[in-house]
Structures are given as C-alpha cells and as structure tokens.
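One structure is given below, encoded as structure tokens.
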C-alpha cells in the first residue's frame with residue numbers, strides 16, 4: 001500500500017491550476033497521474049530541455065504528454081548526421097532512450113536506464129522531421145519497461161527499441177531546481 005505522503009505530488013507552478021496535484025489509485029494498484037501533473041511535467045520538461053545539453057543539441061520538441069506516453073518531434077540537421085549524410089545511430093539511440101525514459105517519468109517516477117535494445121530499420125537525411133514515441137509497457141515498483149519508435153514524415157518506422165529502467169524513487173522538490181513550487 002502506498003503511504004499517504006506519497007499521494008501528494010506537489011503544487012503546480014502554472015496559473016491555470018492552483019490546487020495541489022494528487023495521484024489517483026487505479027483498481028490494479030498502480031498509480032495514475034492527474035492532468036495537472038502531466039501539464040506541470042510538460043512545462044518542466046520544456047524548461048529543462050532548453051538548458052540541458054543533449055536534448056537541446058538534438059532539438060527535441062514535445063508534441064504530446066500523456067500518462068505512460070510521450071511524443072517528441074525533431075528536425076534533423078547536419079550536426080546530427082554521420083559521414084554518409086544520414087542521421088547518426090547514436091542520435092537515434094539517444095532520442096529513443098530519452099522518449100522511453102520520459103514516458104516512465106509521466107507516471108511520477110525517477111528512473112535510470114539499465115538496459116536497452118534497438119533495431120535500426122531505415123534512415124533519414126538532413127532536413128527530415130522525425131517523431132519519437134515512448135510508451136511504458138511495464139510499471140513495476142523497482143523496474144519499469146518501455147518501448148520506443150521513431151518514425152519519419154510519412155510515418156515509416158525508422159527505429160524500434162525497448163528498455164528497462166530502474167526506479168530510483170518518486171519526484172522530489174529538488175529534481176527540477178527553480179521550477180518546483182516552494
């Protein structure tokens with residue numbers, strides 16, 4: 001059973017919602033996140049992505065944040081390409097890992113990657129717009145599992161991935177310094 005102190009997530013920083021965010025319990029014992037939490041998380045991620053090196057370098061743009069799912073979009077530039085003019089596999093791998101890891105965060109958990117498998121199916125060149133989707137498929141207490149897909153503009157599959165994430169805890173006020181309410 002989850003203790004009452006973990007049910008209260010924090011207050012939101014947006015002016016649209018001024019009430020505290022609460023976690024709702026599902027019948028299966030899992031946790032669902034309120035719409036206010038997902039909105040708060042999306043706003044925090046947008047701010048964090050402006051500051052962190054990798055997400056900023058890749059140019060990830062949040063398209064959708066839902067419970068257990070995130071959708072990103074990015075435009076491929078020359079800095080993302082290998083010597084053959086195609087997007088580098090390391091860039092695609094990083095995007096897949098970010099999308100899958102953030103999909104775990106939508107459930108209020110802090111995670112780190114413990115393993116990842118990736119299949120490169122097709123590739124794209126500079127100027128292409130790609131979409132990355134991360135979805136949680138296993139929401140365990142200590143281990144989470146997620147899948148990822150990266151698609152091109154025509155919705156053709158470029159990458160298929162899956163990963164396991166170790167749960168290090170729940171969100172705390174110091175996870176996003178300066179973005180969390182006091």
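Modelled this way, with points 7 Å down the Cα-to-C-beta line, the labels at residue 82 and residue 152 are 1.6 nm from one another.
Please list 59-68, 141-150, 95-104 highest first by mean number of surrounding beta-carbon atoms within 10 Å per residue.
95-104, 141-150, 59-68
Averaged over residues, the count of other Cβ atoms within 10 Å places the peptides 113-121, 157-165, 71-79 in the sequence 157-165, 71-79, 113-121, highest first. Computed from the Cβ-Cβ distance with R0 of 25 Å, the FRET efficiency linking residue 114 to residue 56 stands at 0.50.
Spin-label model, residue 63/residue 47: points 7 Å from Cα along the beta carbon direction are separated by 2.6 nm. If the segment from residue 166 to residue 137 were pulled out straight at 0.36 nm per residue, it would be longer than the present Cα-Cα gap by 9.0 nm.
Read-outs throughout are calculated quantities, based only on the coordinates presented, and are distinct from any laboratory measurement. Not measured: the values here are computed from a predicted model. A quick note on method: Cβ atoms are made from the backbone with ideal geometry, for glycine too, and the neighbour counts reach across all protein chains shown.
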